[in-house]
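Read through the structure below, which is laid out as structure tokens, and then see the notes.
The values are calculated or read from the model by the stated rules, or taken from the named source; none is laboratory data. None of these values were measured; they are calculated from a predicted model. Positions of Cβ are backbone-derived with ideal geometry, glycine not excepted, and every protein chain shown enters the neighbour counts. Heavy atoms of the whole protein, side chains included, go into the accessibility calculation; ligands, DNA and RNA do not. Shrake-Rupley method; radii C 1.70, N 1.55, O 1.52, S 1.80 Å.
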Number of protein chains: 2
Amino acid sequence: MSSGGLSLVRRAVEAVRRTPLWRKRLVVVTVGVGTLTYACQDNQVLQINDGTGKKKVVIIGTGWAGASFLRNIDTSLYDVHVVSPRNYFTFTPLLPSVTCGTVEARSIVEPIRNMVRKRGGAFRFWEAECYKIDPNNKKIHCRSDNGTNIDGNGEFVVDYDYLIVAVGARPNTFNTPGVVENCHFLKEVEDAQKIRKSVMKCFEKASLPNLTEEEKKKNLHFVIIGGGPTGVEFAAELHDFFNEDLAKLYPDVKKYVNISVIEAGDHILTMFDKRITQFAEDKFKRDGIDLKTNFKVVKVSDKAITMTNAATGEIAVPYGMAVWSTGIGTRPIIMDFMKQVGQANRRVLATDEWLRVHGCDDVYALGDCATITQRKVMKIKNVLGDIYGRYPQVELYLKTNQMKDFHDLLKDSDGNIIKESKELDIEEFKKALARVDSQVKILPATAQVASQQGAYLANCFNRMKYCEENPEGPLRIRGTGHHRFKPFRYRHFGQFAPLGGEQTAAQLPGDWIHVGHSTQWLWYSVYASKQFSWRTRMLVVSDWARRFIFGRDSSSL
Amino acid sequence: MSSGGLSLVRRAVEAVRRTPLWRKRLVVVTVGVGTLTYACQDNQVLQINDGTGKKKVVIIGTGWAGASFLRNIDTSLYDVHVVSPRNYFTFTPLLPSVTCGTVEARSIVEPIRNMVRKRGGAFRFWEAECYKIDPNNKKIHCRSDNGTNIDGNGEFVVDYDYLIVAVGARPNTFNTPGVVENCHFLKEVEDAQKIRKSVMKCFEKASLPNLTEEEKKKNLHFVIIGGGPTGVEFAAELHDFFNEDLAKLYPDVKKYVNISVIEAGDHILTMFDKRITQFAEDKFKRDGIDLKTNFKVVKVSDKAITMTNAATGEIAVPYGMAVWSTGIGTRPIIMDFMKQVGQANRRVLATDEWLRVHGCDDVYALGDCATITQRKVMKIKNVLGDIYGRYPQVELYLKTNQMKDFHDLLKDSDGNIIKESKELDIEEFKKALARVDSQVKILPATAQVASQQGAYLANCFNRMKYCEENPEGPLRIRGTGHHRFKPFRYRHFGQFAPLGGEQTAAQLPGDWIHVGHSTQWLWYSVYASKQFSWRTRMLVVSDWARRFIFGRDSSSL
């Protein structure tokens, strides 16, 4: 027998693992977190402090907003705690790729524990669900969803000095009956894995020997409800999966396959430029994807989807698998929180331009769970000088409408100058500003917004002390002096819509529109570069390589 | 916008995908399977024939035995149909690696549909569970487990000319109460995935803030019941996973981790040479793995495992996760089948040396679901000349006992020659043969045996016509002439036992024993070379590379 100890090869590999350049780059100098003090108040309530007297920042959620805040917060200034039911961050834009096995589920997630370790244990993570926020006592109530193999119910309470609410949203079913029971959603990695399994099951089921043509057709009818970017990308991925891989593996049933996209509006991809919408609709038509616009789904049973349309009335369509992707709704914990802070009559949790929750101190909300309610520009009286800084929507409005300055505002919708005079009549200016307000859109519920908000807020926290002495924000409307920070300002870097067949549509800033194969390669590079770590970047790229070489896997796993 | 059509890059990639050498090697010339005839007898019973008049071979199961038969059967001679609840083959020896994320689940499975496609659609596959064999009517009853979103119950009947039963075995709980409810098994890919999730949950659970030391210890107590190769390899993998990855990610709770292996016998790995057993036990002791030999588990509750031992009596040990790996039992479908063919009083389905089920025509059973009952050598009267060919156990016995020829048989257990005379007394010869019979072991339930049986049987089927005219088997005992085929003969190529820390024990033929790092590399090469396809081979090797570079993933996915 050979002797024990590490072999040469093993030692070399260990050395490589320990010292790659990119790892060094990410490793932050270890910060001693002092001795933890656990003070048990009653059976479940615990105060956990690191004993350094630092303010305690608690983050709920490890999605784009939470993870981005975490990456940017200076843990030497704060005692940072994270609570989330998932111990990983998911690169959600690649979820549609996971549904068809183009990318592995594990390749698009980054364990939070890896981040903790890279930051030298500078923050703490609890895998638990926060089910109640108590802003009056500055506490959150958490519950571990790790089953019952534990004495007690796994509940605990965490107190905070600052709370960062980044719990995201849930799928919005608009209370359509049968959706929760019969449809898949596409918000989490687990959803994507379930969809993949379900697609394979549909194909295997349709291949069974004792089925009529009708039953085969039914089993192979894939329905996507919602023509937004997620729904459209999933439809395109599914079509590619079928076209490039499954058609060869299931030759007997391929003629029965049908993919339908149901959209309540006139068009799909309405948030994109019309040229992209048109291209996508044409491409789907060429690909044989059945596009049902102006159809509203009213009921989903285990056998059929019922929808209505002005022309056809109510029709029921049998289906094999359905994916519901029509938008997002508010989570119960947020609804409960809104009641407590006097926002019960709102649909979405409101924050100000600094991401602070209205009606509540020291609680910040970002990402899909909240929305910034910008004050109406109309309220302006004397702060015209601060207008750009304080009201970014004015600049946005001018830009989207291809106006150069305030002067353009004074043109009416047909482009005629309302008043030739260069002098500004305050009444007319008010009218013009009212037009701005009427077109102010809330920020889209995208990864880009959430990620920028997380980074912005972490940056504010990091410079809080400095900015208190040297405020850099606009003038306060009520009160004297300036705000500490500049308000959050979203910078749109563009958006992709992969349409299948290695064609992607891109709408980049500056009204730059492109559709085609080259954009697909731009998509590959952007999505690879935006990965959370070098690890996931390598995994995703090698998954793409595997798919190019071997195709997608068809096992019903 | 760019024009449609395939881009250069895409076309090049498509070309690569279509013509790799190894693909060409595997693609068999397409065999026309004729027009399928579905004849509906009643609501569910169907006869499916390819209309060419070829005999219909139905295989139940896509494990080692079934897949090996499939790979080797000549589909131009038979109309081949496969029924299995899983549409993929699993490379089971790597299951323990999947439990800790060393290898991805999808990397060790090969979809059956890929095989169908590579063979030019030469056989048919149904994803369904066979729940009843009806040998009298030559039919099997199947049920699709694909949910209820289908009109009818998804049941169908397949008739056969030859039936190949390769359904494998199920875990044997010895009717210990609470095992099914509270323990994990390690037979399927899904089991391995569940174990992985469960390990991560245990660590997250132990990291929650409101736990006592005792609860942390309990949650991080991993128990493996059964000291066979699977249990030992899993314990070693888990120790590596903890040691190399998790200890760094969960520094606060690492001191509470405890891995226990409970074995009813005196030693672990009893099927290996004593030197390997000794090395494994010493290594586990050094690694801090708690080895509890001579302990019999009598009950498993959701909180504790109760076991007995002559010295300690009954003790209950709290645990976080338990894996049950004590051996295999007979599946219900096989027990029902045994009743029908007069084997109700046996524990395992019996076949003869040609893998034909005793008491049943045209049904063959192989792999873990069956065992070959070799006739007692004692029954020999006049066929001494055929003894080696007909009774391979004699040769095996001589070999394992390091005897050179029959003459050695006549020594007693102390090595003294029983009788000096070179002439063989028939009574003494009978005594000697009785010693052979007493030591005949049934073949181990391993992938190697199942795979060889599948290849052997397919080979017999391929040469059936030729061998009917030119029999090559031994003389028939009852009846005249020779058997058509040589009996199945197992060739043992050795066995590995990975012991963690990049050390593997190997026991190869010729009594060659080796333990250490070099054997680990031998293990890597053998397991890579034994992969089912080039695809899985590349995937497994790249998974190993990913693990070396980035470590194992710790997300609770």
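A few notes on this one:
- Meets criteria (surrounded by 24 or more Cβ atoms within 10 Å (Cβ to Cβ) and hydrophobic (A, V, I, L, M, F, W, C)) for residue B:305: yes
- So residue A:201, is it in a helix (DSSP H, G or I) and closer than 24 Å to residue A:293 by Cα: no
- Any chance residue A:185 is free of Cβ contacts under 8 Å to residues at least 40 places away in the same chain, under 23 Å from residue A:94 (Cα atoms) and not charged (D, E, K, R): no
- The residues of region A:475-531 that are under 24 Å from the mean Cα position of the chain (by Cα), assigned to a loop (DSSP other than H, G, I, E, B) and of a type in the set (S, T, N, Q) amount to a single one, A:531.
- Any hit, region B:220-234, residues being part of a helix (DSSP H, G or I), more than 22 Å from residue B:63 (Cα to Cα) and either open to solvent by less than 50 Å² (accessible area, probe 1.4 Å) or not polar (S, T, N, Q) (or both): yes
- Residue check, residue B:463 under 30 Å from residue B:541 (Cα atoms), open to solvent by 70 Å² or more (accessible area, probe 1.4 Å), modelled with pLDDT of 90 or more and away from chain A (no Cβ under 14 Å): no
- Restricted to region A:77-105, and to residues there that are more than 16 Å from residue A:162 (Cβ to Cβ) and open to solvent by 20 Å² or more (accessible area, probe 1.4 Å), the residue that is farthest from the other protein chains (Cβ to nearest Cβ) is A:93.
- Verdict on residue B:489 being within 25 Å of residue B:351 (Cα to Cα) and at pLDDT 90 or above: yes
- Checklist (1) at pLDDT 90 or above; (2) open to solvent by less than 40 Å² (accessible area, probe 1.4 Å); (3) farther than 22 Å from residue B:364 by Cβ applied to residue B:516, failing item: (1)
- Any chance residue A:494 is away from chain B (no Cβ under 11 Å) and either touching a strand residue (DSSP E or B) at 6+ places or on another chain (Cβ under 9 Å) or of a type outside the set (Phe, Trp, Tyr) (or both): yes
- The number of residues in region A:533-557 being touching a strand residue (DSSP E or B) at 6+ places or on another chain (Cβ under 8 Å) and not in a helix (DSSP H, G or I) comes to 6.
- Those residues of region A:117-138 which are open to solvent by less than 30 Å² (accessible area, probe 1.4 Å), touching a Ser or Thr at 6+ places or on another chain (Cβ under 9 Å) and either aromatic (Phe, Trp, Tyr) or not in a loop (DSSP other than H, G, I, E, B) (or both), in sequence order: A:123, A:125, A:126, A:127, A:130
- Of all residues in region A:106-118, those that are within 7 Å of chain B (Cβ to nearest Cβ) and closer than 11 Å to residue A:89 by Cα have Cβ atoms under 8 Å from Cβ atoms of residues that are assigned to a helix (DSSP H, G or I) and β-branched (Val, Ile, Thr), 6 or more apart or on another chain, in A:109/A:189; A:109/A:536.
- Contacts under 6 angstrom Cβ, first residue in region A:515-528 being within 8 Å of chain B (Cβ to nearest Cβ) and in contact (Cβ under 8 Å) with a residue 40 or more places away in the chain, partner surrounded by fewer than 16 Cβ atoms within 10 Å (Cβ to Cβ) and not aromatic (Phe, Trp, Tyr), 6 or more apart: A:515/B:1
- Any hit, region B:130-138, residues being aromatic (Phe, Trp, Tyr), within 13 Å of chain A (Cβ to nearest Cβ) and either closer than 20 Å to residue A:202 by Cα or touching a helix residue (DSSP H, G or I) at 6+ places or on another chain (Cβ under 7 Å) (or both): no
- Complete set of residues in region A:539-551 that are more than 7 Å from every other protein chain (Cβ to nearest Cβ) and surrounded by fewer than 18 Cβ atoms within 10 Å (Cβ to Cβ): A:541, A:544, A:545
- Pairs with Cβ under 6 Å, 6+ apart, first in region A:273-289 and under 15 Å from residue A:260 (Cβ atoms), second open to solvent by 30 Å² or more (accessible area, probe 1.4 Å): A:284/A:291
- Summed over region A:182-206, the residues that are open to solvent by 10 Å² or more (accessible area, probe 1.4 Å) and closer than 18 Å to residue A:102 by Cβ give a count of 9.
- When the test is whether a residue is in contact with an Asp or Glu (Cβ under 9 Å, 6 or more places away or on another chain), within 9 Å of another protein chain (Cβ to nearest Cβ), within 30 Å of residue B:358 (Cα to Cα) and surrounded by 22 or more Cβ atoms within 10 Å (Cβ to Cβ), residue B:67 does not pass it.
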